[in-house]
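Asks: The structure follows.
Just so you know, all these numbers are worked out from the coordinates, no wet-lab data involved. Not measured: the values here are computed from a predicted model.
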Amino acid sequence: MSAAAAGSVACLQRWAGAGRVAVLLALAAVGAFPLVAAEETPPKVFIIGGSTAATFPPERPVRGWGQWLPVFFTDPAMIDNRARSGRSSKSFIDQGHWDGVIRDLRAGDYLIMCFGTNDSANDPARYTEPRGAFRGNLRRFIRETRTKQGIPVLATSVARRNWNERGEFVEPPSEWVAVTRELAREENVPLLELRGRTVDLERSLGPEGSRLLHLYLPPGKYAAYPQGAKDDTHHGDYGAARIAELVADEIRRVGLPLARWLKPRAEVKLPPPVDELAAPGTKER
């Protein structure tokens, strides 16, 4: 076995368990699961979550990071983005979306779970108690994925833009983020730390620069936003691409074998920041 293959097996043992690794190695032996070789078929990467990860139609200016993530992979088709706008872990299950994902997931595939924002909504169809239904729903995703010999990956929810009058970025505490981190440790699941990384990103850009990550739109330009928008939760192309870049960085940081299918960063071209509210002729930042 090559050194690269040995590294893949070590990662799989850590997150899938020795018994499951034996199955994956057996599948690899008959060509059903790619451990290392770049010429072999890559695994699918399923994404589940809400609007900040979802894919939107081109006529709308909003984008989710899952919509941009394929750009960072050598084979964009390996990304299967099942995130749905407005869904919490509860409504994703209740509306049948999870049934479709677990039906299609195969041995060796990855599942990236990013919930929490909509689980805190003041809506009985979506709300979950952090240490009750939310924890239970994530645990269900993890265990059912492992039952099918897939590899579960948790991601903390991304930060909202939130600056106070003193020019300080404010990150309100979130029990849903805390539970996601705790569960990653308890279930021995790799964690993509998107909350911490997006807080750092927002702070690095400052109060004005961080606005360009989000949906700040003039009235009358987009049919879906006739009154315009000042939305500090959702993202446009630039913001979604920057978060997808962080997802790729986190995949590398935690040592997922999946990282072997990431493009070198220099080969990925990100869209420029665009100030939709700037007066015509104003130079872009």
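Asks: For a test of the definition: using alpha carbon positions, the gyration tensor, and the 1.5 limit on a/c, classify region 187-237 as rounded, prolate or oblate.
Replies: Here region 187-237 falls in the oblate category.
Asks: Assign one of three labels to region 124-235, namely rounded, prolate or oblate, based on the Cα gyration tensor with a ≥ b ≥ c the square roots of its eigenvalues; rounded applies when a/c is under 1.5, prolate when it is not and a/b is larger than b/c, and oblate otherwise. Each step should come with its number before you reach the end.
Replies: Working: a/c = 2.37, a/b = 1.79, b/c = 1.33.
Here region 124-235 falls in the prolate category.
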